[in-house]
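Presented below is the structure to which this report refers.
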Amino acid sequence: MEKILSEADAAEFEEFLRMRRETEAELTLKKLQVDASKREIDRHGLFSACDFAKKIGAFSVTVSPVNVSAARRRLGEAESMISCVVGGTGESMIPIKQKEAKRAVRQGAKGIRLVPCYSALFSGNTAYLKREIKKVKKSAKKCRLVLSLDDHELSKEDVERGLVAAAEGRADAVSVRGEAELVLFAVRYSAGRFGVEVSGVENAEQMRMLLQAGAEYVLTSNAEHVSEELYRILTSGGNRRRAETAERENTNKNETAQ
């Protein structure tokens with residue numbers, strides 16, 4: 001016969017499960033990168049993104065070069081770091097990207113998200129991409145440099161060329177679109193030489209799946225929605241277990257009565 005927990009033991013066990021769910025949610029949200037780099041974001045949107053990143057302990061807030069200082073002031077002493085998108089459309093000359101990176105670092109950025117030269121990427125000029133990564137990384141000093149390979153026009157072959165350049169240029173990480181196939185491909189290719197991040201994450205289930213696939217961090221412009229959904233998923237798991245326990249107890253009582 002299945003052992004039935006006493007009311008006190010059941011309450012203690014449920015509290016343990018609750019704390020475990022909350023811890024899982026908190027640790028998962030620390031892998032979130034709040035995307036505040038879109039062109040249409042205003043000061044209110046930027047500050048809201050920074051405030052939410054502080055609230056959940058997000059890994060970073062990603063911003064455009066013009067918003068590094070404002071974001072740094074808003075974050076204050078928060079653990080979330082500033083990551084700056086460098087390179088614009090990608091077709092800037094290397095010295096311009098270096099200058100952008102240096103300026104971002106001076107203003108408080110701890111991470112650089114490098115947009116590669118797409119014409120070099122499409123043509124297979126990995127030597128140029130390697131040189132670009134190395135020079136920008138040197139300008140950014142000890143900042144974490146992530147090569148952005150998440151443009152929707154990039155094919156799997158284009159992404160692979162970027163992975164080659166990232167390995168040879170010693171980027172700290174690459175970022176690919178939030179598609180399981182691309183994430184698994186990038187993780188296998190990296191073989192631990194650089195990290196793999198994903199962008200464009202829209203919901204908590206997608207985030208959890210991609211983290212399980214090997215992604216280190218996820219970038220999303222829907223951070224609040226993802227966070228709320230994550231807590232809801234974990235809470236619903238607890239509610240389901242409580243319902244199953246109650247059902248088993250009722251079944252056991254009925255069997256005893258019979």
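The values are calculated or read from the model by the stated rules, or taken from the named source; none is laboratory data. Please read these numbers as outputs of a predicted model, since none were measured by experiment. Ideal geometry is used to build each Cβ from the backbone, glycine not excepted, and the neighbour counts take in all protein chains shown. Only protein heavy atoms, including side chains, enter the accessible area calculation; ligands, DNA and RNA are left aside. Shrake-Rupley method; radii C 1.70, N 1.55, O 1.52, S 1.80 Å.
Give the residue list of GluC sites (Glu not before Pro) in the stretch 86-180 that are DSSP loop and have at most 11 other beta-carbon atoms within 10 angstrom. Don't jump to the answer; show the numbers that get you there.
Working: sites: GLU91, GLU100, GLU132, GLU153, GLU157, GLU160, GLU168, GLU179; in loops: GLU91, GLU153, GLU179.
Hits after loop and neighbour filter: GLU153.
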* Asked: What nm distance separates the two modelled labels at VAL66 and GLU40, each placed 7 Å from Cα along Cα→Cβ?
  -> 1.6 nm
* Structure fact -> For the stretch 194-210, Karplus-derived ³J(HN,Hα) couplings (6.51, -1.76, 1.60; θ = phi - 60°; whole Hz; x for glycine and proline) come out as 8, x, 10, 10, 10, 10, x, 6, 10, 8, 5, 4, 5, 4, 5, 5, 6
* Structure fact -> Computed on Cα atoms, Rg of the stretch 58-116 relative to 2.2 N^0.38 Å comes out at 1.08
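Direction-averaged shadow area of the convex hull around the Cα atoms of the stretch 31-174, nm²?
8.0 nm²
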* To do: With a cut-off of at most 11 other beta carbons within 10 Å, and DSSP calling the residue loop, which trypsin sites (Lys or Arg not before Pro) in the stretch 86-125 qualify? Please list them.
  => none
* To do: Please work out the Kirkwood hydrodynamic radius for the stretch 115-199, using every pair of different C-alpha atoms, and report it in angstroms with one decimal place.
  => 12.5 Å
* **Point-to-point label distance, GLU7-ALA180, nm (Cα→Cβ direction, 7 Å offset)** => 4.5 nm
* Can you list the residues of the stretch 192-221 with backbone N under 19 Å from a point 7 Å past the Cα of ASP51, pointing along Cα to Cβ? -> 221
* Cross-link reach list, lysines versus LYS30, counting only Cα pairs under 22 Å and skipping chain neighbours closer than eight places -> LYS38, LYS54, LYS55, LYS110, LYS142
* Structure fact -> Taking only protein heavy atoms and a 1.4 Å probe, the highest-to-lowest accessible-area order of HIS225, HIS44 is HIS44, HIS225
* Asked: Where the centre of each part is set by its Cα atoms, how far does the stretch 137-198 sit from the stretch 102-126, in angstrom?
  -> 12 Å
